[in-house]
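Structure first, then comments.
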Amino acid sequence: MSASIYVLNGPNLNRLGTREPGTYGTSTLGDIELLCREVGEDLDLEIEFRQTNHEGTLVDWIQEAGDLAQGLVINPAAYTHTSVALHDAIRTAEIPTVEIHLSNVFAREAFRHHSYVSPVALGVICGFGITGYRLALEALSTVIRP
Ligand code: CA2
C-alpha cells in the first residue's frame with residue numbers, strides 16, 4: 001500500500017509565479033503540485049497537496065496528517081518565523097516532517113533566520129527552488145521505508 005504524505009503550503013504561496021521571480025522563481029504552485037505528484041508516483045507515495053493563507057487551517061491540516069499520514073512536507077512561508085502554534089502542532093503530530101523553503105532564508109533578512117518549525121522537523125531544505133520539494137519527498141521516502 002502507498003504511504004500517504006501531506007504537502008502543505010502556507011500564506012501567499014498561491015501567488016507564486018506572478019510576483020518576485022528573482023526570489024521565488026517563475027514556477028506556479030500548480031507546477032509544484034504536478035512535480036510532487038510525479039515524484040509521488042515514482043516513489044509510490046500518495047500525495048495530499050494543499051495551500052492556505054490561514055494559520056489555524058494549517059494547524060487543522062497538520063493534526064489531520066498526524067492522524068492519517070506517514071509523513072509531512074511543509075512550506076510554512078511567513079508562519080515559519082512567527083508561529084508557536086505550528087511548532088506545537090508538528091511536535092504533537094509525531095510524523096516525520098521536512099520543512100522546506102524555495103529561497104535560502106539565511107541569505108535574506110535577519111527575521112527570516114529564525115524558524116519555530118525547524119526544532120520539530122526531521123530536516124530542513126532551503127534555497128533550491130521547487131527542486132526542494134522533490135528532495136523533501138525523496139528524503140521522507142528513505143525514512144518511511146528504510
Ligand atoms: O522561501 C520560501 O519558500 C519562504 O517560505 C517563502 C515565504 C517567506 O515568508 C519565507 O521567509 C520563505 C513567502 C511566500 C510568499 O510567496 C510569494 C509568492 C509570490 C509573490 C510574492 C510572495
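Yes or no: Phe106 within 30 Å of Asp42 (Cα to Cα) and surrounded by fewer than 20 Cβ atoms within 10 Å (Cβ to Cβ)? Give the steps one after another, and end with the answer.
Values: within 30 Å of Asp42 (Cα to Cα): no; surrounded by fewer than 20 Cβ atoms within 10 Å (Cβ to Cβ): yes.
When the stated conditions are applied, Phe106 does not pass them.
Quick check on my filter: what residues within the range 96-114 are more than 15 Å from Leu140 (Cβ to Cβ) and more than 9 Å from the ligand (Cβ to nearest atom)? Steps first, answer last, please.
From the range 96-114, those more than 15 Å from Leu140 (Cβ to Cβ) are 101-114; that's our starting set.
Answer for the range 96-114, where residues must be more than 15 Å from Leu140 (Cβ to Cβ) and more than 9 Å from the ligand (Cβ to nearest atom): Phe106, Ala107, Ala110, His113, His114.
Select from the range 33-57 the residues that are over 20 Å from Ser2 (Cα atoms), more than 11 Å from the chain's Cα centre (by Cα) and not hydroxyl-bearing (Ser, Thr, Tyr) and list them in ascending order.
Correct list: Asn53, His54, Glu55, Gly56.
If we keep just the residues of the range 1-30 that are in contact (Cβ under 8 Å) with a residue 60 or more places away in the chain and part of a helix (DSSP H, G or I), which is farthest from Pro76 (Cα to Cα)?
Thr23
Each row is one residue, and each column tells you yes or no for (1) surrounded by fewer than 17 Cβ atoms within 10 Å (Cβ to Cβ); (2) more than 18 Å from Gly132 (Cα to Cα).
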residue	(1), (2)
Arg19	yes, yes
Asp42	yes, no
Glu48	no, no
Gln51	no, no
Ala77	no, no
Ser83	no, yes
His87	no, yes
Thr92	yes, yes
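If you scan the range 118-140, which residues turn out to be surrounded by fewer than 20 Cβ atoms within 10 Å (Cβ to Cβ) and more than 14 Å from the ligand (Cβ to nearest atom)?
Passing the criteria: Pro119, Val120, Leu122, Gly123, Arg134, Glu138, Ala139.
Scan the range 67-81 and give yes if some residue there is under 23 Å from Leu122 (Cβ atoms), away from the ligand (no atom under 15 Å from the Cβ) and either of a type in the set (D, E, K, R) or touching a Cys at 6+ places or on another chain (Cβ under 8 Å) (or both), otherwise no.
Looking for residues that are under 23 Å from Leu122 (Cβ atoms), away from the ligand (no atom under 15 Å from the Cβ) and either of a type in the set (D, E, K, R) or touching a Cys at 6+ places or on another chain (Cβ under 8 Å) (or both), one finds at least one in the range 67-81, hence yes.
Values quoted throughout were computed directly from the atomic coordinates according to the rules given, and no laboratory measurement underlies them. Everything quoted here is computed from the prediction, not taken from an experiment. Cβ coordinates were reconstructed from backbone atoms using ideal geometry, including for glycine residues, and neighbour counts include every protein chain displayed.
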